Amino acid sequence: MRKITCAVVFLCVSAIAPTATWAASSDPLDGVPLEHRTTLRAVAAGYRSVAKPHYRVVGTCSAESADYAAKTMELLYYNLSYLFAYDGKLQQSLVFIFANREQFDKYREMAAKEVTPQARGFYSPAAKAIVTYDDGDRALLTRVLMHEGSHQFLFLVAPKAPLWFHEGVAVYLESSTWEGNKLKIGVVPKDRLKHLQDSIYKGEQPRLETLVVMEFGQEFTLVDYGVAWSLVYFFATADQGRYAPRIQKYFKMLKGGSEADGAFYESFAKDFGPEGFNALERRWKKYVLEELK
Ligand SMILES: [Zn+2]
């Protein structure tokens, strides 16, 4: 995996969309860049695809899984658009879902050697596609789609988005859970919260000022993931949602090409008074240790 709502409304549940169609169209690899079609054909045969407004699922998995994935991706898009107040138009983005681990590994070895062999899914910047497989575990498939789909969205819409924001948003959304046919957003991952709280008690967490300018390729530890997730959660939900518009401002600045450090200061730290980062850090820490459950 690539190491690489308003406040209230975003914590809403999103109803699943109506049924999609999984069809063996004239060419199911339509929309896939030419050089990647060759790789896909070398990995397996018998591709089918399903197209929805913002995503195109291409794969060898079952029709049911593809249909499920397409609906889940559209829900993700809805929630990302809501979180960021994004009203632009995303091109139809690709999702590759293989029928089994063997095909997935073959694709990874051929087209994404840099991805760790333990990964269950990843976002391929080269193919601009999420790549994963279906082994019948819907909860895990959902996590992968929500996590990698967040990366995909940010890479395509706001290429300047820094590492902390990518992983924070990805973990925020991967923690969504189904309740019946509704997807609940903004669920607190208890194990991650406990680990983060323990790390803060021990003073092992990174300084926010340092974390928010980390770049892709730098080591991003488990506690870094926890801090990134909790910052997104904090801005999205804390203090009756008063910080949620700042996420939108930050996203807009990044989308417009601003650098990560300036955008963070302008959007978040500046409003915490003359102490900026330090004041924000104190408020965030109190939130994580005493208010977040
Ligand atoms: Zn990630």
Go through the range 248-264 residue by residue and tally those that are surrounded by 18 or more Cβ atoms within 10 Å (Cβ to Cβ) and at pLDDT below 95. 3
Please determine, by comparing only the residues of the range 170-182 that are of a type outside the set (Ser, Thr, Tyr) and part of a helix (DSSP H, G or I), which one is nearest to the ligand (Cβ to nearest atom). 170
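Residues are listed down the side, and each one gets a yes or a no for (1) assigned to a loop (DSSP other than H, G, I, E, B); (2) modelled with pLDDT under 95; (3) buried (at least 20 other Cβ atoms within 10 Å of the Cβ):
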residue: 27; (1), (2), (3): yes, yes, no
residue: 35; (1), (2), (3): no, yes, no
residue: 40; (1), (2), (3): no, no, yes
residue: 50; (1), (2), (3): no, yes, yes
residue: 57; (1), (2), (3): no, no, yes
residue: 61; (1), (2), (3): yes, no, yes
residue: 73; (1), (2), (3): no, no, yes
residue: 78; (1), (2), (3): no, yes, no
Looking only at residues that are within 13 Å of the ligand (Cβ to nearest atom) and of a type in the set (Lys, Arg) in the range 114-156, which one is surrounded by the most Cβ atoms within 10 Å (Cβ to Cβ)? 143
Check residue 221 against each of (1) away from the ligand (no atom under 16 Å from the Cβ); (2) within 22 Å of residue 280 (Cβ to Cβ); (3) under 19 Å from the mean Cα position of the chain (by Cα) and name the one condition it does not meet. (1)
Is there a residue in the range 157-169 that is within 27 Å of residue 38 (Cα to Cα), crowded, with 23+ Cβ neighbours inside 10 Å and within 16 Å of the ligand (Cβ to nearest atom)? no
Do you know which of the residues in the range 170-183 that are at pLDDT below 95 and of a type in the set (A, V, I, L, M, F, W, C) is surrounded by the most Cβ atoms within 10 Å (Cβ to Cβ)? 183
Unmet requirement for residue 216, which otherwise passes all of (1) in a helix (DSSP H, G or I); (2) farther than 16 Å from residue 271 by Cα: (1)
Residues that are part of a helix (DSSP H, G or I) and touching an Asp or Glu at 6+ places or on another chain (Cβ under 7 Å), drawn from the range 113-153: 141, 143, 146, 147
So residue 103, is it part of a helix (DSSP H, G or I) and either hydrophobic (A, V, I, L, M, F, W, C) or away from the ligand (no atom under 13 Å from the Cβ) (or both): yes
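The values are calculated or read from the model by the stated rules, or taken from the named source; none is laboratory data. Quick caveat, the model's predicted, so the values are computed rather than measured. Using ideal geometry, Cβ is built from the backbone for each residue, glycine included, and neighbour counts are taken over all protein chains shown.
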